[in-house]
Amino acid sequence: MKKFNIRKVLDGLTAASSSSSSSSAATSQPGAPRENDVVQETLQSEHFQLCKTVRHGFPYQPSSMAFDPVQKILAIGTQTGALRLFGRAGVECYCQHESGAAVIQLQFLINEGALVSALADDSIHLWNLRQKIPAILHSLKFNRERITYCHLPFQSKWLYIGTERGNIHIVNVECFTLSGYVIMWNKAIELSTKTHPGPVVHISDNPMDEGKLLIGFECGVVVLWDLKSKKADYRYNYDEAIHSVAWHHEGKQFVCSHSDGTLTTWNVRAPAKAAQIITPHGKQPKDGKKPEPCKPILKVEYKTTRAGDPFMVLSGGLSYDTVGRRACLTVMHGKSTAVLEMDYPIVDFLTLCETPYPNDFQEPYAVVVLLEKDLVVIDLGQIGYPIFENPYPLTVHESPVTCCEYFADCPDEIIPALYSVGSRQKRQGFSKKEWPISGGNWGQGTQSYPEIIITGHADGSIKFWDASALMLQVLYKLKTAKVFERARGKEEKANTDIVDEDPFAIQTLSWCPESRMLCVAGVSAHVIIYRFSKQEVTTEVVQLLEVRMQCDLSDVDSPDPGGDQTPTLPTPGASSSPQESEPPTQPSTGSNSSDGPRDNIPCLQVRSSPLKQSPGYQVELVIQLVWVSGEPPQQITSLAVNSSYGLVVFGNSNGLAVVDYLQKTLLLNMGTSELHSPSDPYQRQPRSPRKARQPSGALCDSNDGSNASEDRCKSPTSGSTSPCNSDDERKQKFIEKVKFKSRRFSKTVANDFAKMSRKISSSSEQKTDQENKRWRSLTCKKRPCAKDCQLVSRMNQKWGICRTKSDPNCYAKDNSFTRSRSSSVTSIDRESREAISSFYFCESYPRKSDSALSPCLLVGTTHGSVMMVALSLPPGADQRLQQPVGIASCGTLIRLKGGILTMALLDATGTLLPPPYESWYDPNASDEEKEKGRRRRPGSPPSSQEGTDTQFAILCSEKQAKVVALPSQTRIYKHSITETSFVLRADVVQMAGANCIACFCANGHIMTLSLPSLRPLLDVNYLPLTDMRIARTFCFSNLGQALYLTSPTEIQRITYSQETCDNLQEMLSELFTPVETPEAPNRGFFKGLFGGGAQSLDREDLFGETSAGKASRSLAQHIPGPGGMEGMKGAASGVVGDLARARIALDERGQKLGELEERTAAMMSSAESFSKHAHDMMLKYKDKKWYQL
């Protein structure tokens, strides 16, 4: 066999890994390909680079918000130090503070492309938004004071910072230096005050006089401070704590909101008493007494209009007797008061206005309300205050995400098809106006292939998302719970549930983009098969198939080898006959009495009334696992659907089942141990003491009445034993009947999947690596048998079916197999139950002696076994619906360390052989249209010549990867992926015109291996597993794309493609766009004449170092940001941006030159006037004596 160049072996890997890889790969084996047969690989380490791309979804745990009224950009800060910026639909940006401290306040430098953030760790940061990936330019960390409030006046570079001690410091945002000008709390309040006023809760300048600063203290004191004279002009006192303050635009009045639910309105020049005191939600007593106190009004905004009454918007303030009432936003306009209920608590709100100038009529048009789990924008311009339709993908968490799949490079027609059926699901009653947050521009990337993300949720819903071009938009929503009856109350809740809550939660799904077939498995051990149709149909009776899967850990008992009761096994090529009786479409009456154990009843009740199915995905068949003698069905761990074969296969810890969804029949229901050949060296037998034999006749009686209930869920099949066995193997002794040894584990099984999804979604859920490993080690552990498991084997001589039946008490009711890709032998006992972990449909060689391709199914288990199952399909489309599919187990192909995660097939040239599929056709269309749109899969590749291998089977487990040549079944490559950790997710993906294996390990490493040689190409320590949510949702896709749920509400997309990383700057959206600032309001002739307009303030002269001096160095520490040079590069990127910025700069320069010219002309005119007056004075007094003056 060809040996690798040592440089390639070491490429992108540590020495330890490369040594194991090279030694294993170079191992010579019989039947290995010759040197000229090795596939020429094109992927190199240069093709790979890992980086984050975009983050979608609602910001997790939001804490603050800001809006730029000129740029039309919204910023949201979170409790974890994240920043999310939103513009028009598709314009999003994510950045993170390194400290991870909560963002307490955000302030835009309006129309400057910059943002100031204040954090709970008493630091402020200046973000540059003129680049596609914002970066911090400056930071300032306060050492002795706690920041409580910030205020940045419009078109000012001086930032006011209020502190917990009641002081106010001033920062120059251009260089982030502190001014020597400080407003001390003891100078602001009256000298006679004996108590500290508390933290600063509000700072704002008078809209008409920049030299007057309004300072609100928590205790209820408000001070109007004169910046020039450095003293308080007025002090306003109220006996309730203040939460917020809002100015009238004329600067003559302001409103305060208080902790007792009152609003006080103050005239600036009348500090003695409030002009008005109202309690918006308080009950007004008839005797004129003070209204009853209400909940605090957390925020109030006061906005004026030219043509009507002002708007007053407030949050909170409800009466205390409204227990259990949801959070409300109150809009007071004139005499009308509207109370708008919200779905979640209100974090913050902002009123959007037409002008950025505070001294002009505000003209509010919308209110942005930030909730704990949603973002709502209310239209103030329409009656009833309707909300705007939100264009952002903020509904990822509408129900907790339980599974996720990512499909890149899908068929071009799939997104329009999903959008057409999904557009009919949109809600009505939205505002007719356009979304008001409309800033930024889309990226100009070249990535144009279709991408789809599918999310499964705890309420049984499935969402299809268009993820093309780094955007995310919901296309279609499917509600799987509609198939089942819903319990109206707790008393009606079925006692057959195996989960306490979320019985419809999605556990795993399988989707074929080409045929649009969808197969879904839920936590209640149910499988639903969907077809896509563009026509609406009404299904009178939902097709139902019930399956009885039993424990298979004990081996089958056998009759005496010398007896004549041994059944005749079918030949490998035999196919099964049609079923004698059709399977029931409705569940049969099972035993569920209080006296006996529950038996033959499913966990959910399929609806009996007609089901109206809208265009989109429509139910084809429902499959339910039933209780077996008081034993609940095990949850489904793996699932696969194939449209070309018309088959669905699913497996759990009991075994696997194959269903023909075209004929609605069960083809195979086999235990995991039965898949192994009797002479299989990998077959694991349970260790337990011998037990006396049962009479052999009872084991082979095919007419035993006790098995009647079992037959109702089973359909005949052929070849249920290994066809690879010789006659001698068929005649060998059966292993005697055994029982399990009772064992005790330190922990019981993990909670059901729905409970885990709830816990993961809660904000308080934080797990360490050790806890996650412990949870992982429990996912497959089962409680020991309460008593000995009595095994009865039944062999149907007519059909050749081998079945096993276990004692109902073998496993306790509370066991539930929680789906985890980490359920392997690395963390559980070797003697624990072997579950099915993965499937792969393909056309290959089931046996070593085969020279012709045939349909096959690869089966992987949690113990690392890979088994081959041969499928025999009837020839022709007509016979496919009449004759049954034959199935034959061919035993174990190979075994790996750890549970099998993924499997794939390559041809001799290294090209990926995807599972065969049938192109989509509308099942509700006419027969002619069906045949027209129904294109059969392409023909099979040429068969193998004698003695040559034409396929490579790619097998990857939690520990290692192997490549096996077919049909010789010879292992030619092997690579140990990790020794100290385990792989959570592995996928065979297409990348740069070639194929590779992408792996994500529990220790945070992301790795790629070339195919077929398993040469390491990438190994990056990216993200340690700190949350089971990441393990459950991480998935790779083609063309270097991957994603995972980084929080309960957010999807993080990453790329491991060098090409995508290189083009990322072009693909990302642009937040800042050159926009001219609106003109300032006209002062008017009389205001200009009599000085009634806004008074400006030379803050530079007041706060500068020359007049105010330097601040104390120990007060705060300046930290230069890492984004200085990046900011300059980002601001200078893009030809269009350069030209636009140059044009703006020229305009500003021309405007300044024009102003300078006007000023010079005015000075010249003044000089001429002064000269004229001086000349007149000289002439007047020229001839007069000194004593005449």
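Determine the shape class of the range 175-324: with a ≥ b ≥ c the square roots of the Cα gyration tensor eigenvalues, call it rounded for a/c under 1.5, and otherwise prolate if a/b is greater than b/c, oblate otherwise. Prolate.
Averaging the sequence gap over all C-alpha pairs within less than 8 Å and six or more residues apart, then dividing by the number of residues, gives the range 389-488 a relative contact order of 34 percent. Here the label points at THR909 and ASN1003, each 7 Å from Cα along the C-beta direction, are separated by 3.9 nm in the simple model. Ranking ASP360, ASP660 from most to least accessible surface, computed with a 1.4 Å probe over the protein chains only, gives ASP360, ASP660. When you restrict to C-alpha pairs under 8 Å that are six or more residues apart and normalise by the size of the range 295-376, the relative contact order lands at 24 percent.
Looking at the range 273-394, the accessible area is 49 square angstrom per residue; that uses a 1.4 Å probe and ignores ligands, DNA and RNA.
Working note: Karplus 6.51/-1.76/1.60 with θ = phi - 60° gives the range 331-342 the couplings 10, 9, 9, x, 8, 8, 10, 10, 10, 9, 7, 10 Hz, where Gly and Pro are set to x. If the segment from LEU662 to GLN425 were pulled out straight at 0.36 nm per residue, it would be longer than the present Cα-Cα gap by 82.4 nm. For LEU380, the residues whose amide H sits under 5 Å from its own are ALA366, VAL367, ignoring neighbours fewer than 5 places away on the same chain, with H placed 1.01 Å from N. Over all pairs of different C-alpha atoms, the range 252-351 has a mean inverse distance whose reciprocal, the Kirkwood radius, equals 14.4 Å.
Here the range 363-377 is scanned for amide nitrogen atoms under 16 Å from the site 7 Å beyond the Cα of LYS295 along Cα-to-Cβ, giving 370-373. With a Förster radius of 41 Å applied to the beta-carbon distance between SER1107 and LYS1172, the computed FRET efficiency rounds to 0.65. Extension gain for SER448 to ARG306 (0.36 nm times residue separation, less C-alpha to C-alpha distance): 46.3 nm. The label-point distance for ASP497 and GLU389, in a model that sets each label 7 Å from Cα toward Cβ, rounds to 3.5 nm. Extension gain, GLU434-SER609: 0.36 nm per intervening residue step, less the Cα-Cα distance, totals 58.8 nm. Modelled label positions at VAL339 and GLU1158, each set 7 Å beyond Cα in the direction of Cβ, lie 5.2 nm from each other.
Under a 5 Å amide H cut-off, with hydrogens placed 1.01 Å from N, ILE110 pairs with GLN155 among residues at least 5 apart or on other chains.
Once all Cα-Cα distances of the range 312-449 are split into 5 Å bins that start at 0, what whole-number percent is in each one? That works out to 2, 7, 13, 16, 18, 14, 11, 8, 6, 4, 2, 0, in percent per bin. For the pair the range 431-465 and the range 167-223, the centres of their Cα atoms are 44 angstrom apart.
For GLN49, enumerate residues with amide H under 5 Å from its amide H, sequence gap 5+ or separate chain, H modeled in the peptide plane. Amide H neighbours of GLN49, under 5 Å, 5+ apart: SER1057, GLN1058.
The values are calculated or read from the model by the stated rules, or taken from the named source; none is laboratory data. Here the structure is a predicted model, which means the values were calculated and not measured. Here Cβ is always computed from backbone atoms with ideal geometry, including for glycine, and neighbour counts include all displayed protein chains. Each accessible area value is taken on the protein alone, full model and side chains, heavy atoms only, with ligands, DNA and RNA left out. Shrake-Rupley method; radii C 1.70, N 1.55, O 1.52, S 1.80 Å.
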